[in-house]
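The values are calculated or read from the model by the stated rules, or taken from the named source; none is laboratory data. Predicted model only: the values in this text are computed from it and were never measured. Positions of Cβ are generated from backbone atoms using ideal geometry, with glycine treated the same way; all protein chains shown enter the neighbour counts.
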Amino acid sequence: MKIKKSKHALLSVSALALMGTMLTPAASWATDGETLIQEKCLLCHTNTGNPEAPYSRISQQRKTPEGWHMTLNRMQRMNGLVISSDEVQAVIKYLSDTQGLAPSETAPFRYVLEQKPNVVEEVDPAYVEMCARCHSNARFGLQRRTLGEWQLHVNTHMAINPTTELHALARDRDWYDIAYNDVVPKLAVDYAFNDPAWNQWQAKVKPSLNGSWSVAGFMPGKGDYSAVLQTKETSKDNFSVSMKGHYADGTPLQGEGSAKVFAGYEWRASLTIDGIKMRQVMAAAEDGSSLSGRMYQSAHDEIGGELTAVHGSAVVALSPSAIKQGQQKEITIIGADLKGSVSLGNGVQVVKVLSRDADRVVVLAKATGSASVGMRNVSVGKAKAKAQLAVYDEVAAVQVLPNESIARIGGNGGNIAKMQSTYRALAFSAGKDGQPGTADDLRLGYMQALWSLQAFDEAAEHEKDLKYAGSIDGNGVFTPGDAGLNPERKFSTNNVGNLKVIAQVLDGDKAVEGDAHLLVTVPVFVKRAIQ
Amino acid sequence: MNISNIFKTATLLCAAGAVTLMSGCAANQAVSVNGMAADGHEYLLTVTRPNQLHVIDTETKQVVRSCDVPGTFGTGAVQPSPDGRIAYVLTNGAEDVYGFDITNCDITFSAKQSQNGVKVKTFISLAISNDGKELYTVQNPTRKLNDRYEVLAPRLAVFNTADGLDAKSVRNFPVDRRITKIMTMKNGEVILGGADIKAINPVNGEVRMLSALQNWARGADWIPPDAFAMFTQGEHVGEYIMPYFTIKWNGDPGDMEQAEFWWGMSRIDIATGEVDERETVPFEFIVFNWITDPNDSNILYGAFNQLSKHDLSQNKTVDVIDLDHTFYSINMDRSRTIYIGGTSSDISIHNPDTLEKIGSIQLTGDMSTSDLRIARLL
């Protein structure tokens with residue numbers, strides 16, 4: 001099937017309310033979710049008489065915790081559901097555990113749960129003009145419904161958002177008929193309620209997520225960090241958590257909070273780290289050996305980065321993860337409780353161990369001038385990791401990530417804050433063929449860069465977008481302009497703009513550039529847990 | 001200045017120009033309604049947030065009065081009665097209609113269309129019969145059941161305006177989905193503007209095609225047009241006008257190198273029902289709405305980020321100026337003065353010959369998607 005590329009920048013919405021209230025004392029979880037459904041939901045929903053699917057419009061759907069939370073929010077807002085926040089959490093927990101999604105079902109769409117901004121989705125053409133012109137693919141890709149439920153879902157759209165059929169790409173065709181009769185049957189197959197993946201996952205014994213974890217992550221404006229994550233299960237699927245570690249420059253990092261696990265693998269934590277409220281959205285590996293996902297600021301979910309936690313003692317990552325032939329530099333080996341001698345592979349000498357902490361080992365490393373170009377395995381004592389360090393001859397190419405991005409104007413007395421965008425420079429050497437951009441390029445990892453902006457095209461130059469749309473700092477963090485009409489601009493337009501983000505990586509006396517596209521646009525006025 | 005002083009001033013002005021203006025002054029002086037100049041005197045009608053109907057004198061460019069509209073803002077659709085006295089406003093989330101006497105803000109009519117668990121939305125579709133006795137809306141109903149929604153068929157609803165407050169529809173007839181602006185023709189049929197443009201007889205519900213757009217039969221070289229309008233224009237020249245956008249491929253569909261991008265329109269003479277459906281000018285910039293010059297039906301004016309003038313005889317845009325900001329709607333009074341409104345809180349006034357901005361009317365709130373209609377008060 002031909003897949004059409006649909007530019008769909010998923011701009012994360014604000015803090016997931018789900019976690020704000022979910023992390024209440026464990027006692028509140030004693031409330032039985034199923035009893036609550038019978039008491040609260042069956043005031044309108046009905047008993048079907050089928051023990052396999054007992055509740056109308058409920059038992060025929062499966063969703064993520066965020067998906068169920070959105071449903072409950074809608075029931076409160078539009079259908080008169082009266083329910084306390086503790087009860088909401090109990091119902092979400094019950095439904096996510098009994099009518100959730102398997103790890104393999106959420107895997108393609110984790111970015112939306114992680115509130116990761118600037119993801120460009122590949123959307124099936126059948127959905128591009130129908131669902132994905134308003135929603136992310138992840139929005140419907142993270143739901144499983146029976147055919148009848150997908151049909152009723154179209155009717156819900158017609159009732160709640162009646163102008164749906166007047167939008168561009170709807171009003172010039174028989175939208176309702178196409179939605180109901182053409183697209184729904186495909187949804188019922190592609191995102192089927194009865195998928196064996198869920199039954200198989202339910203049957204599995206879920207791993208314990210209790211214990212000590214080696215954590216590596218990145219935070220915009222701060223850089224790479226290492227930490228030890230301690231988790232303690234206080235009641236079933238509820239954890240107290242603490243994180244202690246360092247940013248790569250040595251600044252300490254410390255925080256505490258709590259977490260909850262849904263469907264046996266969906267990790268949702270809320271922590272205060274160095275005074276800032278943060279959220280973690282991670283998925284546990286099916287064997288429980290690792291957690292991976294994203295941590296972000298609760299109030300600005302675009303400010304966040306990937307993190308990986310490996311159970312026990314392990315080499316998780318290096319910062320930086322490349323060394324040039326003949327170069328001497330500090331390298332931080334990230335991992336908890338690393339003991340023993342450090343090996344960085346052939347041709348890379350550990351000149352000195354500079355420091356050892358619970359979460360990292362910092363070494364002064366030197367690559368010989370004749371060290372062969374390529375990846376090295378790294379070990380500290382018994383802890384080993386494959387292909388963690390790249391030895392390179394020169395930086396040949398730089399990619400700026402994300403390559404397509406959006407920032408949103410805000411502030412200026414309005415209710416909606418500015419939404420920044422953040423960038424990293426990913427470097428490559430050319431590989432054996434000497435040509436960058438080919439399959440044998442060697443990925444060197446993220447590097448420090450000098451950041452600047454340019455107008456994206458002639459139109460942007462003419463409209464002086466560079467002057468109005470915002471600025472970028474030395475850490476690759478772009479801050480957009482103020483919201484509201486700007487009478488200085490043509491048509492009094494907002495401080496929107498079409499820009500190019502330039503990263504310049506210095507390699508000896510040479511500078512290698514990469515760029516990315518940035519659209520600075522208007523605020524998001526409707527915030528959802530799943531865009 | 002009190003009312004008697006206004007009359008005194010008007011009398012003196014008339015006396016000063018008695019030789020040439022005698023008949024006009026006599027008429028103006030004689031015909032007024034509740035102190036408002038009548039005999040066809042023109043007033044602009046629009047709605048602003050939070051929800052006020054504004055009555056604006058086209059001669060003085062001043063707001064004569066502002067009437068509070070019940071309910072939350074709808075789409076701001078406005079339909080004047082044939083005598084210009086009553087302004088019907090769609091409100092309350094595009095569900096209810098209220099009729100206002102524009103001379104005193106009295107509410108003369110109301111209809112709450114959502115009833116008995118059926119929610120009715122009207123997508124700007126308001127029209128009135130030529131005698132002012134019947135109001136037409138297109139209703140898009142959905143029914144809320146205990147745990148699900150049911151989508152019901154759209155219908156033309158007919159109200160008797162004399163039924164006053166809390167009126168109920170007296171007739172209903174099925175119509176297509178996706179209908180937006182509607183207008184009554186001289187023969188009494190109601191033009192239904194949707195993907196295709198049809199006319200319905202509001203007495204018996206008979207529907208006939210006026211302008212097949214979604215279902216036009218031009219073959220694969222043209223894409224079915226995107227015909228859409230959220231605003232009603234044309235009353236100043238007695239026409240209904242629906243803009244559209246289309247593509248002519250000139251080869252393989254999807255080959256943008258060969259393709260031509262066109263604006264087009266279906267323009268219907270409401271006196272004769274004659275349809276003028278054609279491409280107008282190449283797509284060079286966005287135009288939200290067209291109006292026709294009363295002196296030359298080949299001349300169209302359009303508005304959005306620009307005010308533009310187009311000559312259909314040449315298929316060319318002949319003049320264009322940038323506006324202060326984005327505007328949605330455009331209309332014209334009897335003297336050919338252009339008014340541009342919608343979006344923000346100011347109506348921009350322009351000379352049709354030069355397109356030059358000659359004035360501005362500041363309102364108390366944003367017009368958003370509101371209509372900008374002309375009422376000729378009799």
**Prompt:** When only residues in the stretch A:388-407 that are over 16 Å from A:V373 (Cα atoms) and buried (at least 23 other Cβ atoms within 10 Å of the Cβ) count, which is farthest from the chain's Cα centre (by Cα)?
**Reply:** A:V398
**Prompt:** Across the stretch B:216-226, which residue is nearest to B:W249 (Cα to Cα) among those that are within 10 Å of chain A (Cβ to nearest Cβ) and assigned to a loop (DSSP other than H, G, I, E, B)?
**Reply:** B:I223
**Complete:** Screening B:S81, B:S125 for residues that are buried (at least 23 other Cβ atoms within 10 Å of the Cβ), more than 14 Å from chain A (Cβ to nearest Cβ) and within 23 Å of B:N204 (Cα to Cα) leaves only B:S81
**Request:** Taking the options B:F288, B:F228, B:F304, name whichever one is closer than 28 Å to B:V190 by Cβ, in contact with a helix residue (DSSP H, G or I) (Cβ under 8 Å, 6 or more places away or on another chain) and surrounded by 15 or more Cβ atoms within 10 Å (Cβ to Cβ).
**Result:** B:F228
**Message:** Here's a check for you: in the stretch B:310-333, which residue that is free of Cβ contacts under 8 Å to residues at least 40 places away in the same chain and within 14 Å of another protein chain (Cβ to nearest Cβ) is farthest from B:P243 (Cα to Cα)?
**Reply:** B:D324
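In the list B:I268, B:I291, which residue meets the criterion of being at pLDDT 95 or above, within 28 Å of B:E59 (Cβ to Cβ), in contact with a strand residue (DSSP E or B) (Cβ under 7 Å, 6 or more places away or on another chain) and in a strand (DSSP E or B)?
B:I291
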**Message:** If B:K133 meets every condition in (1) surrounded by fewer than 23 Cβ atoms within 10 Å (Cβ to Cβ); (2) within 29 Å of B:M265 (Cβ to Cβ); (3) without any contact (Cβ under 8 Å) to a residue 40 or more places away in the chain apart from one, which number is that one?
**Reply:** (2)
**Asked** Quick check: is even one residue across the stretch A:207-224 without any contact (Cβ under 8 Å) to a residue 12 or more places away in the chain and either within 30 Å of A:Q61 (Cα to Cα) or outside the structural domain of A:V363 (by TED's automatic domain parsing) (or both)?
**Response** no
**Item:** When residues of the stretch A:90-135 are limited to those that are among the charged types (D, E, K, R) and under 17 Å from the mean Cα position of the chain (by Cα), the one surrounded by the most Cβ atoms within 10 Å (Cβ to Cβ)
**Value:** A:E114
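Here's the yes/no breakdown for (1) among the acidic types (D, E); (2) at pLDDT below 95; (3) in contact with a Gly (Cβ under 9 Å, 6 or more places away or on another chain); (4) outside any loop (DSSP other than H, G, I, E, B):
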| residue | (1), (2), (3), (4) |
| --- | --- |
| A:A170 | no, yes, no, no |
| A:A179 | no, no, no, yes |
| A:N194 | no, no, no, no |
| A:L229 | no, no, yes, yes |
| A:K232 | no, no, yes, yes |
| A:M243 | no, no, yes, yes |
**Complete:** Heads up, the strands (runs of 3 or more DSSP E) in the stretch A:379-423 (entirely inside) with at least 1 residues that are under 19 Å from A:V477 (Cα atoms) and not assigned by TED's automatic domain parsing to the domain that holds A:N346 are A:397-401, A:404-408
**Prompt:** Residues in the stretch B:223-230: is at least one over 30 Å from B:L45 (Cα atoms) and of a type outside the set (V, I, T)?
**Reply:** yes
**Prompt:** How about the stretch B:106-122: which of its residues are part of a loop (DSSP other than H, G, I, E, B) and within 14 Å of chain A (Cβ to nearest Cβ)?
**Reply:** B:Q113, B:S114, B:G117, B:T122
**Prompt:** What number of residues in the stretch B:178-215 are in contact with an Asp or Glu (Cβ under 8 Å, 6 or more places away or on another chain), in a loop (DSSP other than H, G, I, E, B) and among the polar types (S, T, N, Q)?
**Reply:** 3
**Message:** Quick check on the stretch A:204-219. Is at least one of its residues within 27 Å of A:Y446 (Cα to Cα) and in contact with a Lys or Arg (Cβ under 8 Å, 6 or more places away or on another chain)?
**Reply:** yes
**Prompt:** Which one of these is within 13 Å of chain A (Cβ to nearest Cβ), within 16 Å of B:I330 (Cα to Cα) and either in a loop (DSSP other than H, G, I, E, B) or in contact (Cβ under 8 Å) with a residue 40 or more places away in the chain (or both): B:A229, B:A303?
**Reply:** B:A229
**Sole exception among (1) surrounded by 23 or more Cβ atoms within 10 Å (Cβ to Cβ); (2) assigned to a loop (DSSP other than H, G, I, E, B); (3) away from every other protein chain (no Cβ under 14 Å) for B:G99, by number** = (2)
**Item:** Residue that is surrounded by the fewest Cβ atoms within 10 Å (Cβ to Cβ) [pool: residues in the stretch B:137-174 that are more than 14 Å from every other protein chain (Cβ to nearest Cβ) and in a loop (DSSP other than H, G, I, E, B)]
**Value:** B:D166
**Fill in**
Residue count, the stretch A:472-516, condition within 14 Å of chain B (Cβ to nearest Cβ) and of a type in the set (G, A, S), comes to 2
**Message:** Condition (residue is in contact with a strand residue (DSSP E or B) (Cβ under 8 Å, 6 or more places away or on another chain) and within 19 Å of B:Y240 (Cα to Cα)) applied to the stretch B:313-322: is it met by at least one residue?
**Reply:** no
**Fill in**
Among the residues of the stretch A:339-358, the number that are surrounded by 15 or more Cβ atoms within 10 Å (Cβ to Cβ), assigned to a loop (DSSP other than H, G, I, E, B) and at pLDDT 95 or above is 3
**Message:** Residue pairs, Cβ under 9 Å, 6 or more apart or interchain, first in the stretch A:180-199 and farther than 13 Å from A:E149 by Cβ, second surrounded by 12 or more Cβ atoms within 10 Å (Cβ to Cβ) and among the acidic types (D, E). List them.
**Reply:** A:K186/A:D124; A:D190/A:D124; A:D195/A:E105; A:A197/A:E105; A:W198/A:E105
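Conditions (1) surrounded by 15 or more Cβ atoms within 10 Å (Cβ to Cβ); (2) at pLDDT 95 or above; (3) under 21 Å from the mean Cα position of the chain (by Cα), marked per residue:
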site: A:K2; (1), (2), (3): no, no, no
site: A:A15; (1), (2), (3): yes, no, yes
site: A:M19; (1), (2), (3): yes, no, yes
site: A:S28; (1), (2), (3): yes, no, no
site: A:D32; (1), (2), (3): no, no, no
site: A:N47; (1), (2), (3): no, yes, no
site: A:I58; (1), (2), (3): yes, yes, no
site: A:G67; (1), (2), (3): yes, yes, yes
site: A:M70; (1), (2), (3): yes, yes, yes
**Request:** For residues that are in contact (Cβ under 8 Å) with a residue 40 or more places away in the chain and at positive phi, scanning just the stretch A:361-387, find the one that is farthest from the chain's Cα centre (by Cα).
**Result:** A:G381
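Every residue, every condition in (1) modelled with pLDDT of 95 or more; (2) of a type outside the set (A, V, I, L, M, F, W, C); (3) more than 21 Å from the chain's Cα centre (by Cα), yes or no:
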{"residue": "A:G410", "(1), (2), (3)": "yes, yes, yes"}
{"residue": "A:N415", "(1), (2), (3)": "no, yes, yes"}
{"residue": "A:Y423", "(1), (2), (3)": "yes, yes, no"}
{"residue": "A:G434", "(1), (2), (3)": "no, yes, yes"}
{"residue": "A:T438", "(1), (2), (3)": "no, yes, yes"}
{"residue": "A:R443", "(1), (2), (3)": "yes, yes, yes"}
**Asked** Within the stretch A:145-168, how many residues are assigned to a loop (DSSP other than H, G, I, E, B) and more than 7 Å from chain B (Cβ to nearest Cβ)?
**Response** 3
